[in-house]
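I have placed the structure first, in the form of structure tokens, so that the comments after it can refer back to it.
The values are calculated or read from the model by the stated rules, or taken from the named source; none is laboratory data. In this text the structure is predicted, and so the values were computed from the model without any measurement. Cβ: placed from backbone, ideal geometry, glycine included. Neighbour counts: every protein chain shown.
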Amino acid sequence: MIPTTHLRAIVGLSFLFLFSNLGRTQNLFDIDTIRTIEIEFYESDWDHILDSLAELGVGTGSGSERILADVTIDGVQFDSCGVRYKGNSSMDTSSNKNPFNIDLNWVVAGQKYMGKNKLKLANQYTDPSMIRETLTYEIANKYMDGPHASFVKLFINGDYRGVYTNTESVDNEFLDTYYGSSNNPFFKCDPVSFNLGGSNSNLAYYADTTDYDSLYFMKSSYGTEDLQTLCYNLSNNISNIEQYLDVDRALWFLALSSALVHNDGYTAFQHNYYLYKMDNDRWSIVIWDVNMSFGGLVFNGTNFLPLSLGAMQTQDPYLHESDFNIRPLIAQLLSIPKYKKMYTAHFKTIMTENISNGDYLQRGLTMSNLIDADMQNEPYNDYSYAEFSDNLYNDVGTWFNFRPGIENLMHTRNLHIAALPEFQAAQPTISNISTSSNTPPAFSNVDFTAEVSNAQSVFLGYRSNHFDVFTKVEMFDNGMSNDGAAGDGVYGTTVSIGSSDMEYYICALNADAAKFSPVRAQYEFYSLSPEKGVVINEIDAININNGLDQNFEFDDWIELYNNSTDAISLDGYHLSDEYSILDKWAFPDTTIGPGEYLIIWADMDTVQVGLHANFALDQLGESVFLTDNFGFLTDQVTFPLQQDYTTWGRYPNGTGNFNMLFPSFNAENTTLLEIEEGVFVDVQVYPNPTSGKTTVSFTKDITSKLQLTNMMGQVVLEGELNGQNIFSFDASQFDAGMYFLGTGGEAIKVVVR
């Protein structure tokens, strides 16, 4: 199975490709970079004002009002931003290191930094290691769409406040990117007044809808009755749970929480998560507030005295499976044998990919080393530098303030979990997954087969739209399902593919265990593309200097391409950026010839001459849909946050998977761009960005040829290094834009201003 990050080396070969729900580029949350944020409040008594507003927040620890400040991020200043405290227990009016919520466009509309207008700075309350949140989110994002987090150094009115965690906001932009909509019921599951022994946000059913008002914070314009219906169904309609809940997402969420002993969520206190009702009428769970993972909370919902290290190391992975009244989400799901086995399979995957191989420890050490120097100068931290240094490995504190060493907890926990009967049970094996055609005709039947052993049942999950529910059909080894001979271990089934790409996975179960292929399904999946006629070929969501419209404007654009040998009329075709409104923009009387390209300007300026759609593209990432004259979804693309001077397009041209590209406006996509800053570890370029003399310094002598290429792949500078390790050039001779400096197989970005 070949991950998408390895596609460049195997283009043209017949492999099963493995896809995540969305390949994301979140530079603001680059975990290898510490950003600097400076807040300059307009009011000298800002701390008193924020303290007063927080006290009016009635349990939220933040209030709803903000005060004005200028905010500077890595030297980029934003005027008139709105700032308030955030958090509940992590906010303390007597503290000098409170968490902050910053809105960059509070007054000045459109202010964003790296595509984001909200910054949520957490003070890592009760975490001596300072890495629990960043490490947990990094692991979580292997299995679900969740927030990212990175480190920042915070200054307030010139006073250094210390290292914070900047966590991606779960807001409308987040929902639009990962769910394709944001106007449905949406809740932050955190009670207004937390009850240590109460039900809090546990998804229990209440006959009176007003009971939900104090237990869930509604972030949408409506939805309390929808939430009530979810809670009712969870207690009374479990047999149809897949009709109202994204079950697999819930299983990943619960497995991750249990594996990493994240009790300060649904497990112990039934809070700290989000719920969103997707367009497909299923509710999805979003993980949130994980600074007390890895045993950071010494309660699990059953104890009154603090948990010991041993109790957390051996905490039951099926904790609360019989607590139907107080933990209905856990109890109802685990009461169904199929789901319990799927949950266990997910749990095993998390442990195998992160814990038993020691990856969590290596990643934790990398994060700890990154902030080590700054932690030595931490002015307001609740823990000493020695406790920070120790807590990755060793325990800190006692009794209610006990925080286990992350390695001390997880090493023994891994051994304990692996020895449990459910985790010792032999899983089915799945191999040699194949389809009857690698590029089947649209609207044709496709046979799916797989070799499976030690299984009692096998099913295929598939969908033809990224935001749809996976349809599940059983696969058989009966000799009548295009599977070969009966009983030969080859399972098969036949399904009809439409005109858009199909996403699919396979799950096998026996009496004791389950197995997925790919193991991260449904978050990762295989993809099958039908023969393509007209396709979305390339998208530019940040057009700076690549393609002018008829009015000489650099508007964002969508490029179509006709793969067929016939001219195709687009009469009756539509483009949209909303799945719920697929007919958003209708093509005028337009024909695209065989092998030809067609540009549609996504600028909301429909009065201009030419093809101008009535929607614009969001550089943060969203989806674009193409429907044909029968209303069938014929193509779609979900693109991540976009960068300047790059596009998102198919490679190979017209038929391949979407990747970051060198722009090729109205022309063939020819060059993949899979280069990230820092990949070329043997070179430093300074200054970068640059506008004049630029120095290239190598850590070792280089004998190969040095080339600087522009975004069109043209070599603009070339020279022999001849064993030298320093090279200089004048960047003022080049046009502003992005360039790539390389010595053959590696390259690094150079930005010329």
Tell me which of these Gly487 doesn't satisfy, since it passes every other one: (1) surrounded by fewer than 22 Cβ atoms within 10 Å (Cβ to Cβ); (2) of a type outside the set (Val, Ile, Thr); (3) in contact with a helix residue (DSSP H, G or I) (Cβ under 9 Å, 6 or more places away or on another chain). (3)
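Mind checking which residues of the stretch 447-484 are aliphatic (A, V, I, L, M), under 28 Å from Thr638 (Cβ atoms), assigned to a strand (DSSP E or B) and in contact (Cβ under 8 Å) with a residue 24 or more places away in the chain? Break it down stepwise before answering.
So in the stretch 447-484, the residues aliphatic (A, V, I, L, M) come out as 450, 452, 455, 458, 460, 469, 473, 475, 480.
If we keep only those that are under 28 Å from Thr638 (Cβ atoms) too, we end up with 450, 460, 469, 473, 475.
Then keep just the ones that are assigned to a strand (DSSP E or B); that gives 450, 460, 473, 475.
Matches in the stretch 447-484: Ala450, Leu460, Met475.
Just to be sure before I move on: is Ser384 over 30 Å from Ala514 (Cα atoms) and buried (at least 19 other Cβ atoms within 10 Å of the Cβ) in the structure I sent? Write out each step before concluding.
Numbers: over 30 Å from Ala514 (Cα atoms): yes; buried (at least 19 other Cβ atoms within 10 Å of the Cβ): no.
Criteria not met by Ser384.
Yes or no: Ser258 hydroxyl-bearing (Ser, Thr, Tyr), in contact (Cβ under 8 Å) with a residue 60 or more places away in the chain, in contact with a His (Cβ under 9 Å, 6 or more places away or on another chain) and crowded, with 21+ Cβ neighbours inside 10 Å?
In short, no.
Consider the stretch 450-496. How many of its residues are among the aromatic types (Phe, Trp, Tyr) and over 19 Å from Thr435 (Cβ atoms)?
Just the residues of the stretch 450-496 that are among the aromatic types (Phe, Trp, Tyr), to begin with: 459, 462, 467, 470, 476, 491.
Applying the additional criterion that residues be over 19 Å from Thr435 (Cβ atoms) yields 467.
Going through the stretch 450-496 one residue at a time, the tally reaches 1.
Would you point out the residue of the stretch 71-104, among those that are assigned to a loop (DSSP other than H, G, I, E, B) and at pLDDT 90 or above, that is nearest to Asp382 (Cα to Cα)?
Looking only at the stretch 71-104, we keep the residues that are assigned to a loop (DSSP other than H, G, I, E, B), and these are 74-75, 86-99, 104.
Subset that is at pLDDT 90 or above: 74-75, 97-99, 104.
Values: Asp74: 26, Gly75: 29, Lys97: 9, Asn98: 11, Pro99: 14, Leu104: 29 Å.
Result: Lys97.
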Checking His411 against (1) touching a residue at least 24 places away in the same chain (Cβ under 8 Å); (2) buried (at least 16 other Cβ atoms within 10 Å of the Cβ); (3) in a helix (DSSP H, G or I); (4) of a type outside the set (Gly, Ala, Ser): exactly one of these is not met. Which one? (1)
All positions within the stretch 450-483 that are among the polar types (S, T, N, Q) and either within 20 Å of Glu524 (Cβ to Cβ) or modelled with pLDDT under 95 (or both): Ser464, Asn465, Thr471, Asn482
Given the criteria within 23 Å of Met278 (Cβ to Cβ), out of contact with any His (no Cβ under 9 Å at 6 or more places or on another chain) and surrounded by fewer than 21 Cβ atoms within 10 Å (Cβ to Cβ), does Asn157 qualify? no
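Filter the stretch 291-336 down to the residues that are outside any loop (DSSP other than H, G, I, E, B) and assigned by TED's automatic domain parsing to the domain that holds Leu230, then identify the one that is surrounded by the fewest Cβ atoms within 10 Å (Cβ to Cβ).
Filtering the stretch 291-336 down to residues outside any loop (DSSP other than H, G, I, E, B) leaves 309-313, 328-334.
Keeping just the survivors that are assigned by TED's automatic domain parsing to the domain that holds Leu230 gives 328-334.
Values: Pro328: 21, Leu329: 21, Ile330: 26, Ala331: 19, Gln332: 22, Leu333: 22, Leu334: 22.
Ranking the candidates gives Ala331 first.
Every residue, every condition in (1) touching a residue at least 60 places away in the same chain (Cβ under 8 Å); (2) under 23 Å from the mean Cα position of the chain (by Cα), yes or no:
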{"residue": "Gln608", "(1), (2)": "no, no"}
{"residue": "Asn614", "(1), (2)": "no, no"}
{"residue": "Asp618", "(1), (2)": "yes, yes"}
{"residue": "Leu633", "(1), (2)": "yes, no"}
{"residue": "Gln636", "(1), (2)": "yes, yes"}
{"residue": "Gly649", "(1), (2)": "yes, yes"}
{"residue": "Asn653", "(1), (2)": "yes, no"}
{"residue": "Phe662", "(1), (2)": "no, no"}
For the list (1) outside any loop (DSSP other than H, G, I, E, B); (2) farther than 30 Å from Asp374 by Cα, I need the number of the one condition that Thr165 fails. (2)
Any residue in the stretch 542-555 that is free of Cβ contacts under 8 Å to residues at least 40 places away in the same chain sitting within a Cβ distance under 7 Å of a residue that is surrounded by fewer than 15 Cβ atoms within 10 Å (Cβ to Cβ)? List the pairs, counting only those 6 or more apart or interchain. Phe554/Ile544; Phe554/Asn545; Phe554/Leu548
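Out of Gly610, Gly621, Gly654, Gly649, report the one residue that is in contact with a helix residue (DSSP H, G or I) (Cβ under 7 Å, 6 or more places away or on another chain) and closer than 24 Å to Asn543 by Cβ. Break it down into steps so the answer makes sense when it comes.
Values: Gly610 fails: in contact with a helix residue (DSSP H, G or I) (Cβ under 7 Å, 6 or more places away or on another chain); Gly654 fails: in contact with a helix residue (DSSP H, G or I) (Cβ under 7 Å, 6 or more places away or on another chain); Gly649 fails: in contact with a helix residue (DSSP H, G or I) (Cβ under 7 Å, 6 or more places away or on another chain).
On inspection, the qualifying residue turns out to be Gly621.
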Could you give every pair whose Cβ atoms fall below 9 Å, whose first residue belongs to the stretch 332-348 and is within 14 Å of Gln427 (Cα to Cα), and whose second residue is in a helix (DSSP H, G or I) and of a type in the set (D, E, K, R), counting only separations of at least 6 or pairs across chains? Lys340/Glu422; Lys341/Glu422; Met342/Asp248; Thr344/Glu422; His346/Asp248; Phe347/Glu422
Residue under evaluation Asn445, criteria (1) of a type outside the set (Phe, Trp, Tyr); (2) farther than 27 Å from Lys532 by Cβ; (3) surrounded by fewer than 19 Cβ atoms within 10 Å (Cβ to Cβ), criterion not met: (2)
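Out of Leu135, Leu154, I need the residue that is part of a helix (DSSP H, G or I) and outside the structural domain of Ala259 (by TED's automatic domain parsing). Which one? If you could, list the steps in order and put the result at the bottom.
Working: Leu154 fails: part of a helix (DSSP H, G or I).
Result: Leu135 is the single residue among Leu135, Leu154 that is part of a helix (DSSP H, G or I) and outside the structural domain of Ala259 (by TED's automatic domain parsing).
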Given the structure, is Glu225 part of a helix (DSSP H, G or I) and exposed (fewer than 12 other Cβ atoms within 10 Å of the Cβ)? yes
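Which residues, counting only those in the stretch 232-278, are outside any loop (DSSP other than H, G, I, E, B) and among the hydroxyl-bearing types (Ser, Thr, Tyr)? It would help to see each step written out before you state the result.
Filtering the stretch 232-278 for residues outside any loop (DSSP other than H, G, I, E, B) gives 232-236, 238-243, 245, 247-259, 273-277.
Tyr232, Ser235, Ser239, Ser257, Ser258, Tyr273, Tyr274, Tyr276, listed by residue number.
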If Phe476 passes every condition in (1) farther than 30 Å from Ser576 by Cβ; (2) buried (at least 19 other Cβ atoms within 10 Å of the Cβ); (3) aromatic (Phe, Trp, Tyr) but one, which one does it miss? (2)
Determine if the stretch 560-580 includes at least one residue that is without any contact (Cβ under 8 Å) to a residue 12 or more places away in the chain and farther than 12 Å from Phe665 by Cα. no
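Looking only at strands (runs of 3 or more DSSP E) that fall completely inside the stretch 545-604, which ones have 3 or more residues that are surrounded by 15 or more Cβ atoms within 10 Å (Cβ to Cβ), hydrophobic (A, V, I, L, M, F, W, C) and assigned by TED's automatic domain parsing to the domain that holds Gly654?
Values: elements: 557-562, 574-576, 597-601.
Result: 557-562, 597-601.
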Kindly check whether there is at least one residue in the stretch 338-361 that is in contact with an Asp or Glu (Cβ under 9 Å, 6 or more places away or on another chain), in a loop (DSSP other than H, G, I, E, B) and basic (Lys, Arg). no
Suppose we keep only residues that are surrounded by 24 or more Cβ atoms within 10 Å (Cβ to Cβ) and among the aliphatic types (A, V, I, L, M) within the stretch 124-139. Which one would you say is nearest to Asn357 (Cα to Cα)? Leu135
